[in-house]
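K.L.:
I have a structure here, written as structure tokens, and I will follow up with some questions on it.
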């Protein structure tokens with residue numbers, strides 16, 4: 001039954017219902033359920049949202065790390081190929097339109113004019129070359145650059161949002177032959193998490209917001225770091241498999257929607273094993289990283305991890321924050337986000353009543 005057939009609920013009840021649905025869905029996605037559940041626990045939890053077949057599901061895949069995957073540490077797009085592999089293995093028809101070059105932290109930046117060019121992968125990583133060979137679109141991979149012709153090695157890259165916008169408004173119809181929008185946009189797997197204060201800077205999230213704003217369901221996927229601040233290859237694999245399973249369950253439950261963007265952050269998992277702890281979270285309000293400048297005359301920009309009471313670091317105020325679940329507790333964090341910048345959107349309007357009354361008075 002479609003949720004749209006229900007009688008509208010009050011805002012508080014609707015929020016509670018959405019949270020309960022999400023928790024049950026996430027329970028289904030969690031690995032290795034307890035064989036001896038608590039007698040007080042719903043024995044059917046997790047069984048209400050079986051994974052559907054993804055055969056023929058049209059997926060636009062993007063990222064902000066580029067489509068190169070040439071760096072030894074995989075920071076320039078290895079996660080994209082892990083997602084492509086997992087989605088195609090599940091039967092999806094996956095097409096990549098991603099930045100030609102590294103575009104991390106570009107947020108929602110766009111190009112206002114000029115020409116876009118396309119480039120093919122100079123040497124698709126051998127282990128991924130045949131992953132989508134049987135897909136209807138052949139697993140096409142396009143890099144998008146800012147150029148008057150085909151992308152060359154040193155061509156400036158288009159941004160993540162540029163890449164998605166080009167795909168939605170031209171590339172998928174004219175170059176791939178799709179007769180409508182994709183069923184879902186998946187962005188990632190990003191090299192590093194995108195939680196709390198980092199979401200605003202994220203090109204991974206920016207690409208997903210661009211699709212969501214265009215009416216396309218969207219999921220952003222990011223991977224946690226190890227002690228050396230790199231992403232282990234196994235973490236990309238685990239994040240890709242979790243996200244593919246999540247997409248299959250969303251399809252099965254008819255919960256793919258453009259009303260919000262789903263932000264997935266997967267913890268460090270070097271062995272590639274599933275993570276059983278999956279949390280329904282909200283975007284954190286605290287600061288994760290702050291800029292740091294060193295030098296004289298020329299000031300080199302760096303970043304540092306926030307510590308309690310450190311200057312410039314806003315403490316986290318939410319108990320269900322994505323950053324707490326991922327960074328402090330090692331859980332998979334899943335949140336529903338929108339590009340709506342309205343304060344307290346969807347929450348108690350009483351919070352902004354004094355401000356709204358003041359603004360109304362200005363027009364008297």
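All of the numbers you see were taken from the coordinates with simple rules; none came from a lab. Just so you know, these numbers come straight off a predicted model, no measurement behind them. A quick note on method: Cβ atoms are made from the backbone with ideal geometry, for glycine too, and the neighbour counts reach across all protein chains shown.
K.L.:
So, in Å, what gap is there between the alpha-carbon centers of the stretch 272-324 and the stretch 158-224?
P.N.:
For the stretch 272-324 versus the stretch 158-224, the Cα centre distance is 23 Å.
K.L.:
Here's a follow-up. Going by how many other beta carbons lie within 10 Å of each one, how would you line up 243, 137, 339, fewest first? Display every interim value, and only then the final one.
P.N.:
Details: 243 26, 137 17, 339 14.
Ordered by Cβ neighbours within 10 Å, fewest first: 339, 137, 243.
K.L.:
How big is the stretch 134-235 on each of its three principal axes, counting only the C-alpha atoms and giving the largest first in Å?
P.N.:
44, 33, 31 Å, listed from the longest principal axis down.
K.L.:
Which semi-axis lengths, in whole Å and largest first, follow from the square roots of five times the eigenvalues of the Cα gyration tensor of the stretch 97-190? Don't jump to the answer; show the numbers that get you there.
P.N.:
Numbers: eigenvalues 84, 55, 38 Å².
So the three semi-axes of the stretch 97-190 are 20, 17, 14 Å.
K.L.:
Moving on. If R₀ is 35 angstrom, what is the calculated FRET efficiency for the pair residue 300 and residue 152, using the beta carbon separation as r and rounding to 0.05? Before the final figure, lay out the partial values.
P.N.:
On the way: r = 29 Å, r/R0 = 0.84.
According to the calculation, E is roughly 0.75.
K.L.:
Kindly give the semi-axes, whole Å and largest first, of the ellipsoid equivalent to the stretch 248-294, taking each as the square root of 5 times a Cα gyration tensor eigenvalue. All intermediate terms of the calculation are to be shown ahead of the outcome.
P.N.:
Working: eigenvalues 162, 73, 20 Å².
With the √(5λ) rule applied to the stretch 248-294, the semi-axes are 28, 19, 10 Å.
K.L.:
Determine, for 116, 242, the number of other Cβ atoms within 10 Å of each Cβ, and report the residues in order from fewest to most.
P.N.:
Ordered from fewest to most neighbouring Cβ atoms within 10 Å, 116, 242 come out as 116, 242.
K.L.:
What does the convex hull of the Cα atoms of the stretch 188-301 come to per residue, in Å³, rounded to a whole number?
P.N.:
128 Å³
K.L.:
At a Förster distance of 30 Å, what's the computed FRET efficiency of residue 229 paired with residue 360, Cβ-Cβ distance as r, to 0.05? Kindly include the intermediate steps, with their values, before the conclusion.
P.N.:
Values: r = 49 Å, r/R0 = 1.64.
Calculated transfer efficiency: 0.05.
K.L.:
So, in nm, how far is label residue 173 from label residue 310 when the simple model puts each one 7 Å beyond its Cα toward the Cβ?
P.N.:
About 4.8 nm separates the two model spin labels.
K.L.:
What full-extension length gain, to one decimal in nm, is calculated for residue 71 and residue 340 as 0.36 nm per residue of separation minus the Cα-Cα distance?
P.N.:
Stretched fully, the residue 71-residue 340 segment lengthens by 93.3 nm.
K.L.:
While we're looking at this one, here's another question. How many nm separate the modelled label positions at residue 259 and residue 120, each set 7 Å beyond the Cα in the direction of the Cβ?
P.N.:
For residue 259 paired with residue 120, the spin-label model returns 4.3 nm.
K.L.:
How big is the stretch 235-274 in terms of Cα radius of gyration and Dmax, in angstroms?
P.N.:
In order Rg, Dmax, the Cα atoms of the stretch 235-274 give 11.6, 35 Å.
K.L.:
Provide 81, 260 in ascending order of the number of other Cβ atoms located within 10 Å of each residue's Cβ, fewest first. Working shown, then result.
P.N.:
Details: 81 26, 260 17.
Arranged by neighbour count, lowest to highest, 81, 260 become 260, 81.
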